[in-house]
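The values are calculated or read from the model by the stated rules, or taken from the named source; none is laboratory data. This one's a predicted model, so the numbers in the text were calculated from it and none came from an experiment. Note that we place each Cβ from the backbone using ideal geometry, even for glycine, and neighbour counts take in every protein chain shown. Protein only, heavy atoms only, side chains kept; ligands, DNA and RNA dropped before computing areas. Shrake-Rupley method; radii C 1.70, N 1.55, O 1.52, S 1.80 Å.
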Amino acid sequence: MLHRETVIENRPLAPGSDLYRLVLKGAVAATAQPGQFVHLQVGTTTDPLLRRPFSIAGIDRPKGEITIYYRVTGRGTGLLTRVQAGETLSVIGPVGKGFTVPAAGELLLVAGGIGIFPLFALLEAVDRSAVQVQVLWGGENRQFLEDVGRVTLFQMGVDYTVATMDGSMGHNGLVTDLLPAALAPETAGGQEAEPA
């Protein structure tokens, strides 16, 4: 479970963004499951001492790669932004119990903010020809949703509805406000058809 993974990519999602996409190549992808995470050593010394946990957002077994998204929130994630492609990171993982991937039926996923990241791997794993998937996703504002991955959901062909705290996109309020309509039997689908 302790590996050295090669950094393939480590870049901000948008110019000036504090949200980053990190792609690692190595042994983790062979056994990783949607819903699991990894512990990364973010520095080259014992300061910071503790590893940082990150959800696995994408698993590409043929390439031997996993994708992680992270937000710069402190010193540890700040150090992580300095890692360049070609360098290696010490990784413990995959860790945790993964999601159960349904083979049929309906799947309703609810995420707030960057909580959407681990759901990307689940969406990749689900056979959407056999499982009807709907995503409810909330964020701070339209710019946040655009930066984090609204286009990714659209490209996946996922039925999704959004909520923003400032009302700049979708429902004005919390993502949990969308649950009653989504759980109602007559629900017809999401409100977002394509990125604007």
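Could you please state how large a percent of the accessible area of the stretch 60-131 is carbon and sulfur, counting protein chains only and using a 1.4 Å probe?
On the way: 1810 of 3480 Å².
Of all accessible area on the stretch 60-131, carbon and sulfur atoms account for 52 percent.
Which value in nm describes the separation of the simple spin-label points at GLN143 and LEU13, placed 7 Å from the Cα toward the beta carbon?
1.4
Given the Cα-Cα distance of VAL101 and THR31 and 0.36 nm per residue of separation, how much length would full extension add, in nm? Each step should come with its number before you reach the end.
Values: separation 70, 0.36 × 70 = 25.20 nm, distance 1.50 nm.
Fully extending the segment from VAL101 to THR31 adds 23.7 nm.
With a 1.4 Å probe and every protein chain left in place, work out the accessible area per residue of the chain in Å², rounded to a whole number. Numbers along the way, then the final one.
On the way: 9750 Å² over 196 residues.
Using a 1.4 Å probe on heavy atoms only, each residue of the chain averages 50 Å².
Throw me the Rg/Rh for the stretch 54-94, computed over C-alpha atoms with Kirkwood Rh, two decimals. Spell out each step's value before the answer.
Working: Rg = 11.4 Å, Rh = 11.8 Å.
A ratio of 0.97.
Above 24 angstrom, tally the Cα pairs of the chain and express them as a % of all pairs, no decimals. Spell out each step's value before the answer.
Working: 8099 of 19110 pairs.
Every Cα pair in the chain considered, those over 24 Å come to 42 percent.
Taking H placed 1.01 Å from N in the peptide plane, check which residues at least 5 places from ILE56 or on another chain put their amide H under 5 Å from its amide H.
Under 5 Å from the amide H of ILE56: GLY35, GLN36, PHE37, VAL38.
How many times 2.2 N^0.38 Å is the alpha carbon radius of gyration of the stretch 1-63?
Values: Rg = 12.7 Å, N = 63, 2.2 N^0.38 = 10.6 Å.
Normalised by 2.2 N^0.38 Å, the Cα Rg of the stretch 1-63 equals 1.19.
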